[in-house]
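S.K.: Sharing a structure below in structure tokens format, with a few things to ask.
The values are calculated or read from the model by the stated rules, or taken from the named source; none is laboratory data. Quick caveat: nothing in here was measured; it's all calculated off a predicted structure. As a convention, Cβ positions derive from the backbone with ideal geometry for all residues, glycine included, and neighbour counts pool all protein chains shown. Please note that ligands, DNA and RNA were not included when accessible areas were found on the heavy atoms of the full protein model with its side chains. Shrake-Rupley method; radii C 1.70, N 1.55, O 1.52, S 1.80 Å.
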Amino acid sequence: YAHFTSPIRRYPDLTLHRQLAAWLEGKNAKVPPKLLAKWAEHSSEREEIAAEAERGLLEIKKYRLLDAQLSTRQILDYDAVITKCAPFGCFVEIPELAVSGLVHVSLLSRKFVRFNENDQTLSAPGGGSWRIGDRLRVHVARVDFDARRVDFAPVRTSHR
């Protein structure tokens, strides 16, 4: 497999380009397999570190956007999807921003919210239930840069 991109961006491509150029010039372009494996492993590790740094940077920029909404009191509502329910609340994903966060049970209903471990749902007596895949309209409630966490609040106090 060869993925030709800018050699500046991908060292494995540069290695392959050098081998091809040497072969085209009739030179011995063979790199010992153990050395090639070492280079490949190192390049994969570096690429993974770079990808993680890029994800982290994007996450921080999204947190800054949400934090700015809180600071300026220009808070926007977002369509979210519940991705997990737990005794303390439900985790939501905002597809529009590709951001995840928690909606605490205390914000879902004024009544006691019960977690059902069997079907991984939350419910409040007399109405209100939340399960994986449900849609929920939310806005940012808190951004914690140190913990790398966002808390959301539902736009309405009950669901369904």
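S.K.: Could you size up the charge dipole of the chain around its Cα centre, putting +1 on the beta carbon of Lys and Arg and -1 on that of Asp and Glu, and report it in debye to the nearest 20?
M.R.: The calculated dipole for the chain is roughly 120 debye.
S.K.: What is the antiparallel percent of DSSP beta bridges lying wholly in the chain, to the nearest 5?
M.R.: Numbers: 27 of 29 bridges.
Roughly 95 percent of the DSSP beta bridges within the chain come out antiparallel.
S.K.: Please report the spacing between the Cα centers of segment 12-56 and segment 80-133 in Å, no decimals.
M.R.: 46
S.K.: Now for a separate question. Roll a 1.4 Å probe over the protein chains and send me the accessible area per residue for the chain in Å².
M.R.: 70
S.K.: Could you work out the Rg to Rh ratio of segment 65-108, with Rh taken as the Kirkwood radius (inverse of the mean 1/r over all Cα pairs)?
M.R.: 1.01
S.K.: Which net charge results for the neighbourhood of ASP119, defined as the other residues with beta-carbon distances under 14 angstrom from its beta-carbon, given Lys and Arg at +1 and Asp and Glu at -1?
M.R.: With Lys, Arg at +1 and Asp, Glu at -1, the net is +1.
S.K.: Please determine, in degrees from 0 to 90 and to the nearest 10, the orientation of helix 11-24 with respect to the longest principal axis defined by the Cα atoms of the chain, where the helix direction is its Cα long axis.
M.R.: Roughly 30 degrees between the two axes.
S.K.: Give the accessible area for ASP67 in Å² (nearest 10); use a 1.4 Å probe, count only protein heavy atoms, and leave out ligands, DNA and RNA.
M.R.: It works out to around 50 Å².
S.K.: Output the direction-averaged projected area (hull surface divided by four) of the convex hull of the alpha-carbon atoms of segment 42-156, in nm². All intermediate terms of the calculation are to be shown ahead of the outcome.
M.R.: Values: hull surface 35.2 nm².
Averaged projected hull area, Cα only: 8.8 nm².
S.K.: Using only helices, what value at 222 nm comes out for the chain when you add -39,500 (n - 2.57) per DSSP H run of length 4 or more and divide by the total residues, to the nearest 500 deg cm²/dmol?
M.R.: -12500 deg cm²/dmol
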